[in-house]
Structures are given as structure tokens and as C-alpha cells.
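The values are calculated or read from the model by the stated rules, or taken from the named source; none is laboratory data. For clarity, every value in this text was computed on a predicted model and none was experimentally measured. Backbone-built Cβ (ideal geometry, glycine too); neighbour counts: all protein chains shown. What goes into the accessible areas is simple: the full protein's heavy atoms, side chains included, and nothing from ligands, DNA or RNA. Shrake-Rupley method; radii C 1.70, N 1.55, O 1.52, S 1.80 Å.
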Amino acid sequence: MNDSHCHFFSSQFFATLSKQRGRGETVEQLCGELQWDEPGAPEALAGRWIRELDASGVRRSALIASVPGDEGSVAAAIARHPDRLVGFFMLDPSANDAVDRTRRAITELGLRGVCLFPAMNHVPLLDSRVQAVVEIAAAHPGTAVFVHCGVLSVGVRRKLGLASKFDLHLGDPLGVARLALAYPDVPFIIPHFGAGMFREALMAADACANIHLDTSSSNSWIRYTPGLTLDTVFKTTVSVAGPRRVLFGTDSSFFPRGWQRGVYDAQKTALTAAGVSAADQDLIFGGNFDRIFPVRAA
Ligand SMILES: [Zn+2]
């Protein structure tokens, strides 16, 4: 089994949040307040992830650098465990150095997924600054573009009382479809089935063979549609996009909570209830991830 969506909450991640809060707390103090374990050095956190994946029966995982500027932490993790970890990074396309940063992350640091959060960064998907970034992904085959759409709530920001003035209308899967049509060789990933924009995510995936949906998180967005169940979500997604464009993920992030087995259990039950075959489940739980992000030769 592979997990296509986990967050790498490094020391740099917490230091960045502390800076945003502006109270001068250390990483230790912030983690203490959250009652989360301190990550330590990236290499140590990578080791903890590997032990967690081993204990959970997960072979490979994507780890997302979850604040802009934290590519180096994930790069250190994947350099240690290149056969187990695939590095993604959050990028703010409005930053002056966004293009250089993307190029360096993909070429020098070996990261394979650029993560865009248009609602957070207030940059429309059709903005030329986004196109410039996707252009770089397109020039380096093996790089995916992940676009968070729909409802965006960042648990740790809420816990710390950080303002999150997200412009939700910018995260529209139909905007991803426009980009995906322009760059047909780039794999695009829309997490959480569109996080509330399920219909639009399906429309986008139907229109573009290079759009994939990830299944991660508790998918509590299904409450926006009366009567919708996870079984129906899986059944509909597989019927529209086919089993090859669905990527299992948990959205695991901090320790000591660790890998979210409950998310796996719920999705396994839902897929089985939806009548998805064992072969197709194998693709969703691992085969698709290995095809899009093959283990690279050392
Ligand atoms: Zn996530």
C-alpha cells in the first residue's frame, strides 16, 4: 500500500507558523501548546515516518512540505529514503522567487509534486504566475501538480488562532481542467475528491485524462450533499474517472497521532461496499502511485 498524501510537519514548518503568530515562541513551545511531538531535525522526522510506515504496512508515501519555503526539509527526508518517500512542496506562486524555487526543488532537490493552494495564496489558477510554474513541471516529466480545491481548513492554523483569509472561490476544479488541458502530459492531482466540489472535480476528471483525484482525509465535506456516503463517492468516481486515476491518501501529519489507520479502514470498507474489484482496489491503494511516481534509480 502507498499513501499519496501525508504532511511533513518539520521544525521549519512550526517556526514559520510561530513567525506568523508573532509571539516569538520557540518550536518547542508551539509543539507543547499543540501537545504534539517536536519534529527535531528533518532526518530524525524522516526516520520516525519510516518506522510509522513500517508499523502500518505502508510501503511508500508522499510527504508534503506544508509551508512555502520548506522544500529543504522534505528534500533531506527523501534523500535518506528515496525508495520509500516522494517529496511534494507547497508553493506560493505570488512569491518573487516562485519560478526559481520550483526549478530548484524539482532539479536539485528531487521533489516531484508542486502543491498549489489558490484559495490560500489568492492567485487564480489562470494567472500567468501559475502558468509559469506549471510550465516548469511540464519541462520535467515525472513532476505532478497538486491543486487544492474546495473547502480549505487547516487544522493547525485554527488550533493556533492564526487568521486564514482563504478565498474559496479560487479553488475550482474547473480551473484545474483549463490548466490540465493546456498541459496534457502533466499529471494533476485534486485532493479530497475536490473537498466539497465533487461534481466539478468529476467534470474536470471526465474532461481531462491527466486529472487524478486523491481520496485523503476524513472527507467530512460529504456532509454538504444531503445523503451522500463515501461508498457512493467511490462508486461514482470510479465510474467517471476509472480506477487508474484515483489515489489513496490519508492526510496524516503530526505525531504522536501518526499514520491515520482509521481513514484507511473507512475507505477500504467503502470501496468494498461500492463493489470495486480487488484489482481496481490494488491500483487505488498503490499501483497508481507507483506508476505516476516510480522508484527512481539511485
Ligand atoms: Zn493535506
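Which number in (1) in a loop (DSSP other than H, G, I, E, B); (2) within 16 Å of the ligand (Cβ to nearest atom); (3) at pLDDT 95 or above marks the one condition that Ser218 misses? Ser218 satisfies every listed condition except (3). In region 1-31, the qualifying residues are those that are of a type in the set (A, V, I, L, M, F, W, C) and assigned to a loop (DSSP other than H, G, I, E, B), and the one that is most open to solvent (accessible area, probe 1.4 Å) is Met1.
Look at (1) open to solvent by 40 Å² or more (accessible area, probe 1.4 Å); (2) within 16 Å of the ligand (Cβ to nearest atom); (3) not β-branched (Val, Ile, Thr) and you find that Asp282 fails only one, number (2). Looking across region 184-219, the residues that are touching a helix residue (DSSP H, G or I) at 6+ places or on another chain (Cβ under 6 Å), more than 19 Å from Gly142 (Cα to Cα) and not polar (S, T, N, Q) come down to Phe193, Gly194, Ala195, Gly196, Met197, Glu200, Ala201, Leu202, Ala204, Ala205, Asp206, Ala207.
Given the condition away from the ligand (no atom under 16 Å from the Cβ), under 17 Å from the mean Cα position of the chain (by Cα) and buried (at least 16 other Cβ atoms within 10 Å of the Cβ), answer yes or no: does some residue in region 206-214 qualify? Yes, region 206-214 contains a residue that is away from the ligand (no atom under 16 Å from the Cβ), under 17 Å from the mean Cα position of the chain (by Cα) and buried (at least 16 other Cβ atoms within 10 Å of the Cβ). Take the conditions (1) within 16 Å of the ligand (Cβ to nearest atom); (2) surrounded by 24 or more Cβ atoms within 10 Å (Cβ to Cβ); Val67 misses just one of them, which is (2). Restricting region 256-271 to residues that are closer than 25 Å to Val74 by Cβ and away from the ligand (no atom under 16 Å from the Cβ), the residue that is most open to solvent (accessible area, probe 1.4 Å) is Arg261. Residues of region 13-30 that are touching a Ser or Thr at 6+ places or on another chain (Cβ under 9 Å) and free of Cβ contacts under 8 Å to residues at least 24 places away in the same chain: Ala15, Ser18, Gly24, Glu25, Thr26, Val27, Gln29. Screening the candidates Phe285, Phe234, Phe255, Phe289 for the property of being of a type in the set (Phe, Trp, Tyr) and in a loop (DSSP other than H, G, I, E, B) yields one hit, Phe255.
Go through the residues of region 32-41 one by one and say whether even a single one is open to solvent by less than 20 Å² (accessible area, probe 1.4 Å) and within 16 Å of the ligand (Cβ to nearest atom). No, the conditions are met nowhere in region 32-41.
Show the residue pairs meeting these rules: Cβ distance below 8 Å; 6+ apart or different chains; first residue within region 47-65 and within 22 Å of Gly113 (Cα to Cα); second residue β-branched (Val, Ile, Thr) and open to solvent by 50 Å² or more (accessible area, probe 1.4 Å). Cβ pairs passing all conditions: Arg60/Val295. Pairing each residue of region 237-255 that is free of Cβ contacts under 8 Å to residues at least 60 places away in the same chain and away from the ligand (no atom under 16 Å from the Cβ) with any residue that is aliphatic (A, V, I, L, M) and open to solvent by 30 Å² or more (accessible area, probe 1.4 Å), provided the two are 6+ apart or on different chains, yields C-beta distances under 6 Å for Pro243/Leu283; Arg244/Leu283.
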